1. How long are the semi-axes of the ellipsoid equivalent to the chain, from square roots of 5 times the Cα gyration tensor eigenvalues, in whole Å, largest first?
2. Would you list Trp377, Trp91 from fewest to most Cβ contacts within 10 Å?
3. How big is the equivalent ellipsoid of segment 7-126 along its three axes, where each semi-axis is √(5λ) from the Cα gyration tensor, reported in whole Å from largest to smallest?
4. Consider all pairwise Cα distances in segment 60-218 and report the whole-number % of them above 22 Å.
5. For Ser364, Ser396, what's the fewest-to-most ordering of other Cβ within 10 Å of each Cβ?
6. Under 8 Å for C-alpha pairs, at least 6 residues apart: give me the relative contact order for the chain, rounded to a whole percent.
7. Please work out how much length the chain gains when fully extended from Thr399 to Thr309, using 0.36 nm per residue of separation minus the C-alpha to C-alpha distance, in nm with one decimal.
8. If you take every DSSP beta bridge whose two residues both sit in the chain, what share of them, in percent to the nearest 5, is antiparallel?
Amino acid sequence: HVDEGTRVFDLTMQQGETDLGRPEPTPTWGVNGSYLGPTLRAERGEQVLVNVHNDLGEESTLHWHGMHLPAAMDGGPHQMVGDGDTVSPTWQVDQPAATLWYHPHPHGETAEHVYRGVAGMFILDDPQEAELPLPRTYGVDDVPVIVQDKKFEGSELDDSDGMFRNNGILGDQVLVNGTPGPYLDVTTELVRLRLLNASNARVYNFHFDDHRRYQLIATDGGLLPRPVELTHLELSPGERAEVVVAVEPGETTVLRSAPSELSGNRFAGADDRLDVLQLRAADHLSPSPPLPDRIADAPTLDPDDVVRTREFRLSGTTINGQDMAMDRTDATVEVDTTERWVVRNADGDPHNFHIHDVQFVVESVDGREPPPELAGWKDTVFMPEGREVELLVRFSDYTDPETPYMFHCHVLRHEDRGMMGQFVVV
Ligand code: C2O
Ligand code: CU
Ligand code: CU
């Protein structure tokens, strides 16, 4: 029985074959199709229910990355969906408009399941965002850009272990929304790109071929207080950014990835240059209203409210020297209290840090005030070599002493190898 007014989604994880520009169709996995899955969309305040059916031939899960929801609905490694089974997580959306995503989370297998193609976007709307003069016609001037790099062996996806591939797969072929060699026909003066780094390991340093400026309007958890003008933006796996870029009639410009300025590790792909997406502007562009100066309230978490500080040291594929254990709770957090989580990369490899259920505030980066692109709500933060960040986190609404949420590095091979821990909210 489903209440009227509940927004219901039916998702089936399945195997298939996809034309990825290789000589033969590539065996892939997807959701309601052969590669990736539909964009889900819901409004703040809505009850959603997702029927997740698994036809993959092995057990998996779907996790709602960035979503504030009860631990039992989270789709983490404790909510496995057996082959042929269906689960139906349900929760009420209660967070600002944002670009979230979903992907599998079976412990030890996440990298492979995501790499084969199981992932999709989950866009949240709210009335505040809807009132702003932002580009928001889906597929026209508001476009999902799911960026993944792939390595092929003939027509098959190559997910084999490489000798220097501590960090997992780095591909030389970029797919956007599952399309090789992608381009976008732009028909408006401004276009909003919802960038999602859905790659296993690669950090992208997004810029345009002519180094034009663009406006960053939102990060993981929603709109920034004000647009931030940038030429380059680095996104590590799992992170999202909404950017608005202006085009001229008739021009072609290319969104590219430059070598990372934050991480020097070439075994992690820090040297690579890649074309991501070509924008082809029409000869006549529909006018777009200018972006407003203020777009959202600044995140509010008061450092004076901090009741507890925890430290997380990233090294190798461990956190605080420990591998993930499904039956160990690493932290017990009291609901509706504010904590400071100090995360340090003590390692020669780049990592990042993701926390389930919550959007956090980056309080400091290497002891300094964070840059403006980290001024909004985040759920995943890039941790280049040597970096230390202080995060303000507050878990609210849901308690469950039995069911943990996860925190982990979102370099998926690291996560699978144990760079993950568990916390309960009580
Ligand atoms: Cu994107 Cu633990 O997840
Ligand atoms: Cu997550
Ligand atoms: Cu890592």
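None of the figures in this text is laboratory data; all of them are computed from the coordinates on show. Treat the numbers as computed from the prediction; the structure is a model and nothing was measured. Neighbour counts are summed over all protein chains in view; Cβ atoms, including those assigned to glycine, are modelled from backbone coordinates with ideal geometry.
1. Largest first, the chain gives 29, 26, 24 Å.
2. Starting with the residue having the fewest Cβ neighbours, the order is Trp91, Trp377.
3. Taking √(5λ) for each Cα gyration eigenvalue gives 25, 16, 12 Å.
4. The answer is 53 percent, as a whole percent.
5. With the sparsest Cβ surroundings first, the list reads Ser396, Ser364.
6. Reported as a whole number, the value is 15 percent.
7. So the extension gain works out to 30.4 nm.
8. Counting DSSP beta bridges with both partners in the chain, the antiparallel share is about 70 percent.
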